[in-house]
Amino acid sequence: MDDLREKWLAAVAGAGDESALESVRVAALGKKGEISARMRELGRMTPEERKEAGPRLNALKDEINAAIAAKKAALADAALEERLRTEWLDVTLPARPAHRGTVHPIAQVTEEVTAIFADLGFSVAEGPQVESDWHNFDALNIPGHHPARAEMDTFYMARGAGDTRPPHVLRTHTSPVQIRSMEAAGAPLRVICPGRVYRADYDQTHTPMFHQVEGLAIDRDISMANLKWVLEEFVKAFFEVAEVELRFRASHFPFTEPSAEVDIRCSWQGGTLKVGEGDDWLEILGSGMVHPKVLMAGNIDPAAWQGFAFGMGIDRIAMLKYGIPDLRAFFESDLRWLRHYGFAALDVPTLHRGLSR
Ligand code: PHE
């Protein structure tokens, strides 16, 4: 009996993992195990023998069971120790840099402009960038020989030999979307049309592709006073200032009459632009009352309707708002300058925020 005890306690102690321990348990206490076999032998003993061997066998069985339970707990502890040792994390290490995308300033400013004009009741319209010569010029009262065509440094789409269709151009401004909006929706109308435009021009303040936003409002009795109010509200909200002063300078566009270029009062003191104060004037857009011929080209009766229109460069107002000196930076630079100018996420100023300042 003592041999038996020693043998099985040693086997339990020697089990290296849980499955080895389980094999020991089965070999000792399982149905065909050695201890179980001894228990069965009790039946064949005399009552005296049984009285002596029975309790000792039961005690041995309990002892082995207890040893197995203790060993099992010890093995589990050791496994946990091992995991803690090998899966240890140094939470004081700096985190790996996360690559976050940024919103391009043009997209950001387009969002800002759209949000502000949405507050003023304008919806967004879009048109094609490869535009018919008619929509880009003729419908806007710029006939074939008009000097404005040359001034706009137009990119013409190539035509195959013998192709006599009227020419297509890369649109030189967003004004053709005025015509398309009138054709599609008629009057009354209140739209802004942001998008890409193209001119063969390249220097510090010009890129061959740039962005404009067109505005068009048509109703029964719209006047330049409405134009002025809308532009003032826009400029205040966009530049996030409480007051601005706008200057309307008489100008000429074939598609508006009268026409005005609009400047805002600003200062450049210390090399940074401040809108709303100072002695400088900054030109920000072209505008005017929609020419009757343009209304007619859009199938709108100029005797019953009138409207105002304006167009401004998104790249330009983005540069002014965020102090970016070189237009080419928009398209040629990398993420470094985007970060430098702090374009981390969309943060759209609303009319109300602009006004509450
Ligand atoms: N289309 C003009 C331009 O590109 C801007 C403009 C739009 C002027 C609408 C007046 C009215 O310069």
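The values are calculated or read from the model by the stated rules, or taken from the named source; none is laboratory data. Quick caveat: nothing in here was measured; it's all calculated off a predicted structure. Don't worry about glycine lacking a Cβ; one is built from the backbone with ideal geometry, like all the others, and counts go over all protein chains shown. Ligands, DNA and RNA are excluded from the accessible area calculation, which covers all protein heavy atoms including side chains. Shrake-Rupley method; radii C 1.70, N 1.55, O 1.52, S 1.80 Å.
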Quiz item: Considering only DSSP beta bridges with both partners in the chain, what is the antiparallel share in %, to the nearest 5?
Solution: 95 percent
Quiz prompt | Residues THR92 and ALA66, FRET efficiency given R0 of 45 Å [Cβ-Cβ distance, rounded to 0.05] | solution = 0.55
Exercise. Using amide H atoms built 1.01 Å from N in the peptide plane, name the residues 5+ places from ALA260, or on other chains, whose amide H lies under 5 Å from its own.
Key: SER251, SER287, GLY288
Practice problem: With a 1.4 Å probe and all protein chains in place, put GLU126, GLU214 in order of accessible area, largest first. | Solution: GLU126, GLU214
Quiz prompt | FRET efficiency, HIS145 to ASP280 (Cβ-Cβ, R0 35 Å, nearest 0.05) | solution = 0.40
Quiz item: Quick one: Karplus J couplings for region 126-140, per residue in order, coefficients 6.51, -1.76, 1.60, θ = phi - 60°, nearest Hz, x for Gly and Pro?
Solution: 10, x, x, 7, 8, 10, 5, 3, 5, 5, 6, 10, 3, 5, 9
Self-check item: Residue-wise HN-Hα coupling along region 298-310, computed from phi with Karplus coefficients 6.51, -1.76, 1.60 (Hz; x: Gly, Pro)
Solution: x, 6, 10, 7, x, 6, 9, 10, 8, x, 10, 9, 8
Quiz item: How much length is gained on full extension from TYR156 to VAL124, taking 0.36 nm per residue of separation minus their Cα-Cα distance?
Solution: 8.8 nm
Practice problem: Towards the positive end of the charge dipole of the chain, with charges on Cβ (+1 Lys, Arg; -1 Asp, Glu), say which of ALA148, PRO128, ALA250 has the farthest Cα. | Solution: PRO128
Quiz item: In the structure shown, do any of LYS31/LYS61; LYS228/LYS274; LYS31/LYS51; LYS32/LYS61; LYS31/LYS72 have a Cα-Cα gap over 19 Å, and if so which?
Solution: LYS228/LYS274; LYS31/LYS51; LYS31/LYS72
Quiz prompt | Relative contact order, percent, the chain [alpha-carbon distance under 8 Å, six or more residues apart] | solution = 17 percent
Practice problem: Would you please give the FRET efficiency between ASP203 and LYS32, computed as 1/(1 + (r/R0)^6) with r the Cβ-Cβ distance and R0 = 56 Å, to the nearest 0.05? | Solution: 0.05
Quiz prompt | Sulfur and carbon atoms: percent of accessible area, the chain [1.4 Å] | solution = 54 percent
Quiz item: Averaged per residue, what accessible surface does region 78-191 expose to a 1.4 Å probe, in Å²?
Solution: 60 Å²
Practice problem: Report, in deg cm²/dmol and to the nearest 500, the calculated mean residue ellipticity at 222 nm for the chain, where each DSSP H run with n ≥ 4 adds -39500 (n - 2.57) and the sum is divided by the residue count. | Solution: -13000 deg cm²/dmol
Quiz prompt | Test item: Cα-centred dipole of the chain, Lys/Arg +1 and Asp/Glu -1 on Cβ, debye | solution = 1340 debye
Quiz prompt | Candidates per trypsin sites (Lys or Arg not before Pro) in region 209-301, loop by DSSP, up to 13 other Cβ within 10 Å | solution = ARG220
Quiz item: Just how much of LEU29 is accessible, in Å², when a 1.4 Å probe is used and the result is rounded to the nearest 10?
Solution: 30 Å²
Quiz prompt | Sequence-distant residues sharing a close amide H with HIS211 (under 5 Å, placed H) | solution = VAL197, ILE314, ASP315
Quiz item: Between ILE142 and residues 5 or more places away or on another chain, which pairs have amide H atoms under 5 Å apart, with H built 1.01 Å from N, and which residues are they?
Solution: none
Exercise. Please report the relative contact order for region 1-137, taking Cα pairs under 8 Å with a sequence separation of at least 6, and give it as a percent rounded to a whole number.
Key: 20 percent
Quiz item: Roughly how many whole Å is it from the C-alpha centroid of region 255-307 to that of region 119-138?
Solution: 17 Å
Exercise. Counting only chymotrypsin sites (Phe, Trp or Tyr not before Pro) that are in a DSSP loop and have at most 13 other C-beta atoms within 10 Å, tell me the longest site-free stretch of the chain.
Key: 89-201
Quiz item: Given 0.36 nm per residue, what is the gain on full extension from HIS99 to ASN299 after removing their alpha carbon distance, in nm?
Solution: 66.9 nm
